[in-house]
Amino acid sequence: MSSKPEQKETHQANGAVLPAVPMDCLVSPDRGQLVEPSNFLGPDGVGVEVVVLESRANAKGVREEDALLENGSQSNESDDTSTDRGPEPASPLKETSFSIGLQVLFPFLLAGFGTVAAGMVLDIVQHWDVFKYVTEVFILVPALLGLKGNLEMTLASRLSTAANIGQMDTPKELWKMITGNMALIQVQATVVGFLASIAAVIFGWIPDGHFSLDHAVLLCASSVATAFIASLVLGMIMIGVIIGSRKMGINPDNVATPIAASLGDLITLALLSGISWGLYKELESKAYVNPLVCAFFIALLPIWIIIAKKNAATREVLYSGWEPVIIAMAISSVGGLILDRTVSDPNFAGMAVFTPVINGVGGNLVAVQASRISTYLHMSGMPGESPETAPRKCPSPCSTFFSSDVNSRSARVLFLLVVPGHLVFLYTISSMQGGHTTLTPIFIVFYMTAALLQVLILLYIADWMVHWMWGRDLDPDNFSIPYLTALGDLIGTGLLALSFHVLWLIGDRDSDVGD
């Protein structure tokens, strides 16, 4: 039989809808090689010739055929490469500046009030005996508060990316991510807590040349116990926040890291103060308690290592993720050394209450930006696979803050949150009479200048660092945030100390600095 060129009927064959094709169109190079035609009867009894393609149509042919078919199906089963594919996760990056600001604002304020509470706690506990006679505990403060950047914020960024790209959609995948990551951060917390105590002993010994074995063991026990318990509590909170965010249709990248910080500083500082005070009390009568505490938490390490190694997602981080958290801990300890040298100086009165605030706000904002950029890159492939997304040189400030790119838009939003956020936090501290510092206009100007400069530097470094790590086949979720939050601690503490020093030099006695 011969087919009629004017015929338009379509017929069902093996589940695919096939059009009637005239014979003079069968040799089109876009349609592939043909096999023997098959004959079918149309509804009116007239025979039509149906042609089945031997090879897959190219992309152009598929698009042309989709336009012909009412139901959008393709002419051959082999053409359908998306069969049984589940719904793709919604992109979190199609956001306006308003939506970004709205989602970030409330977690940012919550995190800020958490840092204010931590500052108020530090302002009180700095007068306890353990802080007076074992001053190295001050060196532990930024290092252990920085664990939220080293561990919890990294965990939040890692799980946010996994949730956004659909790796936590099934209960089995979710449970594997939870167990592996919780075991991983317990390993990291124990090791980093131990190393932080060693750094505190060294930084405390170098200036004075004085070493006490009892104080060294006290620092080790306090640091390891605080890091372990705080990471356990905050890790569980982070998992709940990310799961809840996805169910509510909120981008976890915008809320998870600030919420990690909102409770992180307060919980960690409260634990450090309480544990160190309790162990200091036991030091005189029961000196064996401190070594036992250290031994107990270190003995649990093999259990967490075995659990983390069983999960493919955390096995790589277990082997290769130590460099950023250890270096970040060392950077934060330098900030702790600055705090230790200034907090007892009358000319720097108020440093204790403001340090967690300025460091926490800067770390929270840059962690959000780093998490967002990392998710953006993960949507283009795997680390190292998309060299066009990794700039070979430092980006210009204009491209970081003033381009039309979605990451530049979020950088502008986060930077604009600094001044109103800090004004709220400063007012809260003043109303609670914390820091023994009056908020004069000149004090606010110096403080805001330090805060704006800190966040400006951090956002610029984040834009370069995340892309640089991506181009070097490193996952930014695991490597960037520890460095950035540690730099935030160091830059924030340094700029704040400089501001207080300048205020003292110009004689701003109305702010009670130095009184």
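The values are calculated or read from the model by the stated rules, or taken from the named source; none is laboratory data. Here the structure is a predicted model, which is why all the values come from computation and not from measurement. Please note: Cβ atoms are built from the backbone with ideal geometry, for glycine as well, and neighbour counts cover all protein chains shown. Note: accessible area is taken over every heavy atom of the protein model, side chains too, but ligands, DNA and RNA are not part of it. Shrake-Rupley method; radii C 1.70, N 1.55, O 1.52, S 1.80 Å.
Charges only on Cβ, +1 for Lys and Arg, -1 for Asp and Glu: so what's the dipole of the stretch 128-344 about the Cα centre, in debye to the nearest 20? Let's see the in-between values first.
Working: 13 positive and 14 negative charges, 137 e Å.
That gives a dipole near 660 debye.
Taking the mean number of other Cβ atoms within 10 Å as a proxy for protection, how do you rank 327-333, 362-368 from highest to lowest?
Numbers: 327-333: 23.4, 362-368: 32.0.
With the highest mean Cβ count within 10 Å placed first, the list reads 362-368, 327-333.
Which residues does the label zone of Val502 cover in the stretch 403-444, counting backbone N under 11 Å from a point 7 Å along Cα→Cβ?
It comes to 443, nothing else.
Can you tell me which of 398-408, 135-145, 440-450 comes out highest on packing, and rank the rest after it, using the mean Cβ neighbours within 10 Å?
Working: 398-408: 15.1, 135-145: 27.7, 440-450: 16.9.
Packing proxy ranking, top to bottom: 135-145, 440-450, 398-408.
Would you mind telling me the share, in percent, of accessible area of the stretch 128-344 contributed by carbon and sulfur at probe 1.4 angstrom? All intermediate terms of the calculation are to be shown ahead of the outcome.
Values: 5890 of 8500 Å².
Looking at the stretch 128-344 in its full context, I get 69 percent from C and S.
Compute, for Trp304, the solvent-accessible surface of its heavy atoms (probe 1.4 Å) with the complete set of protein chains present, and express it in square angstrom to the nearest 10.
60
Go through His501, His422 and list them by solvent-accessible area, largest first, probe radius 1.4 Å.
Values: His501 70, His422 0 Å².
Per-residue accessible area, sorted high to low, gives His501, His422.
Given a cut-off of under 8 Å on Cα pairs at least six residues apart, what relative contact order in percent is computed for the stretch 128-344? Display every interim value, and only then the final one.
Details: 274 pairs, mean separation 83.7, N = 217.
Relative contact order of the stretch 128-344: 39 percent.
Per residue, how large is the accessible surface of the stretch 128-344? Use a 1.4 angstrom probe and give square angstrom. Can you show the working numbers first?
Values: 8500 Å² over 217 residues.
Per residue, the stretch 128-344 has 39 Å² of solvent-accessible surface.
Could you point to the residue in Val233, Ile202, Ala328 farthest towards the positive end of the stretch 128-344's charge dipole, with +1 and -1 charges on the Cβ of Lys/Arg and Asp/Glu respectively?
My answer, from the dipole projection, is Val233.
Which ³J(HN,Hα) values, rounded to whole Hz and listed in residue order, are derived for the stretch 289-301 from phi using the Karplus coefficients 6.51, -1.76 and 1.60 in 6.51 cos²θ - 1.76 cosθ + 1.60 with θ = phi - 60°, glycine and proline given as x?
Per residue, the Karplus-derived 3J(HN,Hα) values read 5, 4, x, 5, 4, 4, 5, 4, 6, 6, 5, 7, 4 Hz.
Can you give the accessible area of Tyr288, probe radius 1.4 Å, in Å² rounded to 10?
140
At 0.36 nm per residue, and after removing the present C-alpha to C-alpha distance, how many nm does the segment from Leu110 to Glu173 gain when stretched out fully? Present the calculation step by step, with values, prior to reporting the outcome.
Values: separation 63, 0.36 × 63 = 22.68 nm, distance 3.02 nm.
The Leu110-Glu173 span can extend by a further 19.7 nm.
Measuring from the lowest to the highest alpha carbon on each principal axis, how far does the stretch 128-344 reach, largest first, in angstroms?
Computed over the Cα atoms, the extents are 55, 34, 28 Å.
Net charge near Glu323, counting Lys/Arg +1 and Asp/Glu -1 over other residues with Cβ under 15 Å of its Cβ? Provide the component values of the computation, followed by the final result.
Details: positive: Arg472; negative: Glu316, Asp473, Asp475, Asp477.
Once positives and negatives cancel, what remains is -3.
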